[in-house]
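Heads up, the thing below is written out as structure tokens.
The values are calculated or read from the model by the stated rules, or taken from the named source; none is laboratory data. As the structure is a computational prediction, the values presented were derived from the model and not from experiment. Cβ sites come from the backbone with ideal geometry, for glycine too, and all protein chains shown count toward neighbours. Accessible surface is based on the protein model in full, side chains and every heavy atom, while ligands, DNA and RNA are left aside. Shrake-Rupley method; radii C 1.70, N 1.55, O 1.52, S 1.80 Å.
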Amino acid sequence: MGPFDYIIVGAGSAGAALAARLVEGSDARVLLLEAGEARHEDFWVRVPIGVAKLLTNPRYVWQFQTEAQATLAGQQIYWPRGRMPGGSSSVNGMIFVRGDPREFDYWAELGNPGWSHADLLPYFRRMEHTRLGNDATRGRSGPLSVTSLRDVFENPLSQAFLQACVQAGVPQVDDYNGERYEGVSYLQLSTERGQRCSSAKAYLSTPRPNLTLVTGAVVTGIQLEGRRAAGVTYRVDGTTHRALARCEVALAAGPIKSPQLLELSGIGDAGRLQMLGISVCHHLPGVGENLIDHLQSRLAFECTEPITLNDIMSSPLRQAWMGMRYLMNRRGPMATPSASVHALARTRTIEDRPDVKIQLHHISGADRYAKKGYGLDPFPGFSIGFFQLRPRSRGSVHATSPDPDDAPRIDPCYLGHEEDAATMLRALRLARMISRQAAFGRYLKRETRPGIEIDDDEALLSYIRTSGQTSWHPVGTCRMGIDELAVLDSALRVRGIDGLRVVDSSVMPTMCSSNTNAASIMIGEKGADLMLEDRRGRSPIGWADASSMPKSVEPLRSTGQPGRTA
């Protein structure tokens, strides 16, 4: 294989888009390294409701755990991340939300030119094809399919929730990815004909002669020549290989692994690296800092009618009917992630934009992962989830040893800022108020968690602290900016290192609001343009031509095939 112009670490949400756009209409040769195996075409990956089977399976996810959270009654929070091409877009809930336009404008105000909503809208349009919305704001010919859940699963509970939100004062919006973000609406999904449309399906399903994808390839470090990234080392089946890049190396390994790889390569806080026995190549203290995530809690209810997923999953006959319906027309509950409608809402009149998300789930149980002993409730049940859109708490992700196989230390510091706890409490009360509207009267039998007898602030906050879990939206650990803790500049270049960028959700300086996958893919799209602009403006770094460049991929300990390609 080789020689390569670019090496991309991670074929996930951003990495797949980045790789495809770099080779599209270009003679650039790209090596795309993915640590997971090629399982992105498996049946339960393609079927939307299969997410419930994926998130606890180590064949499909990296099973990370946070540090014990003192603010969450000492709990360690399970953080699964996608382990295959498409990354977390292959295991997520497929909810497609671009984000709050005002938050993107804030990114630009923080010193990141080119990242305002007006700057990013062309990339959001370029990446999608959808019939939703209008031509001025939505894309019609991109690789990623976006559909409305209403087209595949419209049921009375969803409509009751939507009407209840309106009765509670939340405006209805037709297209929250269009001209207006705020409001209640059926979810939009990254699906096509009732099947998941991950970034792998969207960007990697068409073979390209100048793109080489190697799966099962665990990158162990960035190869530096002074202050320039020259390539990477990676391991496949116990054999270590080296790959060299004529132009650039791009980390797209996500908000957990990208900062860890920088630190393992000697790029990070010098004191921290020295304590781990890692040679310091470049002191960059912001690496791994600024971790942000959405903490989600849920109210649970018993439904008056057997119309929930609890009823289907407890009945082999109903499961068979659900499966037959899906196989016949790709419709019904199997074409959904179990949620159907969300509200981007304000909890106070003094808020000038939405500050929380409230979402209906057609399932209820003691735990979202249905762990042993924590299964679904034995009655018709549904949940209303809620989280704060823009948390103020900041955590960190850091390597714990020089060994890339050792999981990093993840500390999101949930509810570390007092305003976060106050906002979550207001979100709970708004969710409860929605549940008590007349539109829900026919379907709500009783609130089962935490129960209507629990109503004072202290008790409700205690419930949030014991029930809260991740929304799978970590971002920010290699953020761009202009201050001393910024890891990247606005072109996503690692400060102080030539030929090295980070292109994934870790670059976000703040939470883009609501779900993060659409914005992650957008970052891959924009990152490709930034890299190609530099390529057109200058010669490849380091090697004058291919004949003078060393062999691009070579095993370091043994001979043989350098890896599995897909």
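Entry comment: accessible area of the chain is 37 Å² per residue, from protein heavy atoms only and a probe of 1.4 Å. Think of the chain as having a plus end and a minus end, set by charges on the Cβ of Lys, Arg, Asp and Glu; of M324, L244, P156, M324 sits farthest toward the positive end of this dipole.
Can you give the local net charge around V61? Use residues other than it whose beta-carbon is closer than 10 angstrom to its beta-carbon, Lys and Arg +1, Asp and Glu -1. Don't skip to the end; give the middle numbers.
Details: positive: R59, R81, R83; negative: none.
Charge balance near V61 sits at +3.
Of all DSSP-defined beta bridges confined to segment 198-297, some 85% are antiparallel rather than parallel.
With a Förster radius of 25 Å applied to the beta-carbon distance between A438 and E182, the computed FRET efficiency rounds to 0.65.
So if a site counts as exposed when it's one of the chymotrypsin sites (Phe, Trp or Tyr not before Pro), its DSSP state isn't H, G, I, E or B, and it has at most 16 other Cβ atoms within 10 Å, what's the longest stretch of the chain without one? Can you show the working numbers first?
Numbers: sites that count: Y369, Y374.
The answer is 1-368.
Computed over segment 152-300, the quotient of the alpha carbon radius of gyration and 2.2 N^0.38 Å is 1.55. Size descriptors for segment 378-492 (Cα atoms only): Rg and Dmax, in that order, 19.2, 58 Å.
Remark on the chain: Rg and Dmax equal 23.2, 76 Å (Cα only). Rounded to the nearest 5, the antiparallel percentage of DSSP beta bridges internal to the chain is 75%. The length gained on full extension between D406 and D489, counted as 0.36 nm times the residue separation minus their Cα-Cα distance, comes to 27.0 nm. Taking amide hydrogens as placed 1.01 Å from N in the peptide plane, the amide H of S198 sits under 5 Å from that of no residue at least 5 positions away in sequence or on another chain.
Using alpha-carbon pairs under 8 Å, 6+ residues apart, how would you state the relative contact order of segment 103-230 in percent? Worked out over segment 103-230, it gives 17 percent.
With the simple spin-label model, which puts each label point 7 Å out from Cα in the Cβ direction, the N329 to N210 separation comes to 4.6 nm. Taking only protein heavy atoms and a 1.4 Å probe, the accessible area of segment 158-268 is 42% carbon and sulfur. Taken along the Cα-to-beta-carbon direction at a fixed 7 Å, the label points for E419 and I307 span 4.0 nm.
Mind counting lysine pairs for me in the chain? Cα separation below 22 Å, and the two need to be 8 or more apart along the chain or on different chains. Walk me through the numbers on the way to the answer.
On the way: K53/K201; K53/K371; K53/K372; K201/K526; K257/K526.
Lysine pairs meeting both conditions in the chain amount to 5.
Between segment 24-81 and segment 429-476, the alpha-carbon centres lie 28 Å apart. Note on segment 41-113: Cα convex hull, mean projected area over all directions, 7.5 nm².
How much of the DSSP bridge set in segment 1-134 is antiparallel, in percent, rounded to the nearest 5? Before the final figure, lay out each step's value.
Values: 6 of 10 bridges.
For segment 1-134, the DSSP antiparallel bridge percentage is about 60.
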